[in-house]
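The block underneath contains the structure these notes are about, expressed in structure tokens.
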Amino acid sequence: MTERLLPGDPRAAELLLAGSLVAFPTETVYGLGADATSNTAVAAVFTAKGRPHFNPLICHYPDAEAAFRHVEASELAVRLAAAFWPGPLTMVLPRRITCPVALLAGAGLDTLAVRVPAHPVAMALLQAVGRPVAAPSANRSGAVSPTTAAHVLDGLGGRIAAVVDGGPCAVGVESTVLDLSGPRPFLLRPGGVPREAIEAVVGPIGSGITPAAAEQSRTLRSPGLLVSHYAPGLPVRLAASEVAADEALLAFGAPLPGAGVVFQLSLAGDTAEAAASLFTGLRWLDAEGGRLGLRGIAAMAVPDGGLGAAINDRLQRAAAPR
Ligand code: AMP
Ligand code: MG
């Protein structure tokens with residue numbers, strides 16, 4: 001049985017300190033938390049998710065000071081932390097020799113991904129725990145990420161000790177993952193902080209490579225960024241310019257006519273609004289489309305600016321061959 005806890009319930013921190021798994025809300029998606037310093041707790045995360053062990057986890061901290069005690073912060077990292085933490089930016093940095101985080105959490109790499117989330121429930125929990133909390137998205141590996149406590153229970157109910165119900169997540173797509181361990185910043189995963197916002201602080205990042213080379217490079221540098229991910233049950237078709245009656249439509253702006261069922265991401269064509277409901281929309285179309293016997297989900301094109309890059313990254317993975 002998975003307990004549903006209210007924000008502020010001290011049991012959440014107690015369970016984490018005892019080595020149990022507790023899902024909690026962040027501004028991006030719900031995370032599946034474990035004491036990052038405990039090998040067995042971290043191992044349990046991989047088991048509960050069915051996640052391959054080569055896919056490293058992000059460690060969450062209540063503030064930058066706590067994070068930078070465990071990784072070596074470059075001058076750029078300090079500037080980025082000042083600009084975007086707390087917030088949906090994850091930085092990959094060299095582990096300090098004294099870093100107490102279980103090696104399994106970082107999949108044995110000599111770097112560690114760290115983040116300070118901007119969600120009052122997450123921050124209070126991280127403060128109460130007083131240890132780094134490893135937290136991937138709280139879903140079975142490869143499935144659509146959860147943005148409500150109900151989504152978490154759908155996928156992981158019975159497999160984890162508890163979920164803290166903090167309502168729907170405001171951003172709706174995962175954090176931007178930026179590798180700062182090399183000679184220059186490299187964008188590993190587009191996410192809640194737009195690339196443009198990062199470049200305004202640190203200048204151009206990861207340019208001059210073809211998309212195919214970038215894909216190959218980031219797969220090697222960040223082994224967890226698999227091509228097929230975020231996949232609903234129904235197949236997904238991208239950049240739809242027309243839709244059939246036996247398809248479900250993920251609409252952005254004025255919806256294409258004739259779909260079997262429609263989920264509107266943002267009628268106004270706003271990428272932040274669309275990101276916030278992307279995973280809810282995919283889940284809902286999957287369920288409705290399945291119930292109505294539709295053959296797939298057609299997704300309308302979303303522009304790449306702002307959170308559009310993160311949305312398109314998730315949609316491409318959702319549509320990738322499985
Ligand atoms: P998730 O936990 O599902 O949000 O995914 C986190 C992603 O961050 C993983 O898929 C990894 O690819 C990436 N990541 C985490 N730690 C590292 C690291 N040390 N080096 C490179 N990428 C990382
Ligand atoms: Mg995930």
*Mind listing whichever residues of segment 255-281 are more than 21 Å from the chain's Cα centre (by Cα) and in contact (Cβ under 8 Å) with a residue 40 or more places away in the chain?*
255, 256
*Looking at (1) hydrophobic (A, V, I, L, M, F, W, C); (2) more than 16 Å from ligand 2 (Cβ to nearest atom); (3) in contact with a strand residue (DSSP E or B) (Cβ under 7 Å, 6 or more places away or on another chain); (4) open to solvent by 10 Å² or more (accessible area, probe 1.4 Å), can you tell me which one residue 101 breaks?*
(4)
*Output the residues belonging to segment 123-142 that are crowded, with 22+ Cβ neighbours inside 10 Å and within 13 Å of ligand 1 (Cβ to nearest atom).*
132, 133, 134, 135, 136, 137, 138, 139
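One line per residue, one yes/no per condition, for (1) surrounded by fewer than 22 Cβ atoms within 10 Å (Cβ to Cβ); (2) at pLDDT below 95; (3) within 11 Å of ligand 1 (Cβ to nearest atom):
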| residue | (1), (2), (3) |
| --- | --- |
| 53 | yes, yes, no |
| 59 | no, no, yes |
| 63 | yes, no, no |
| 70 | yes, no, no |
| 75 | yes, no, no |
| 82 | yes, no, no |
| 108 | yes, yes, yes |
*Can you tell me which residue within segment 1-51, out of those that are of a type in the set (Gly, Ala, Ser) and under 30 Å from residue 274 (Cβ atoms), is most open to solvent (accessible area, probe 1.4 Å)?*
50
*Looking at this structure, is residue 58 of a type in the set (A, V, I, L, M) and within 16 Å of ligand 2 (Cβ to nearest atom)?*
yes
*Can you name the residue in segment 110-122 that is assigned to a loop (DSSP other than H, G, I, E, B) and open to solvent by less than 10 Å² (accessible area, probe 1.4 Å) and is also nearest to ligand 2 (Cβ to nearest atom) among such residues?*
117
*Please enumerate the residues belonging to segment 206-247 that are at pLDDT 65 or above, of a type in the set (Val, Ile, Thr) and out of contact with any Lys or Arg (no Cβ under 7 Å at 6 or more places or on another chain).*
236, 243
*Within segment 129-150, can you find the residues that are small (Gly, Ala, Ser) and touching a helix residue (DSSP H, G or I) at 6+ places or on another chain (Cβ under 7 Å)?*
134, 138, 141, 143, 145
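The values are calculated or read from the model by the stated rules, or taken from the named source; none is laboratory data. Quick caveat, the model's predicted, so the values are computed rather than measured. Every residue, glycine among them, receives a Cβ derived from its backbone with ideal geometry; neighbour counts consider all protein chains shown. SASA here: full protein model, heavy atoms, side chains in, ligands and nucleic acids out. Shrake-Rupley method; radii C 1.70, N 1.55, O 1.52, S 1.80 Å.
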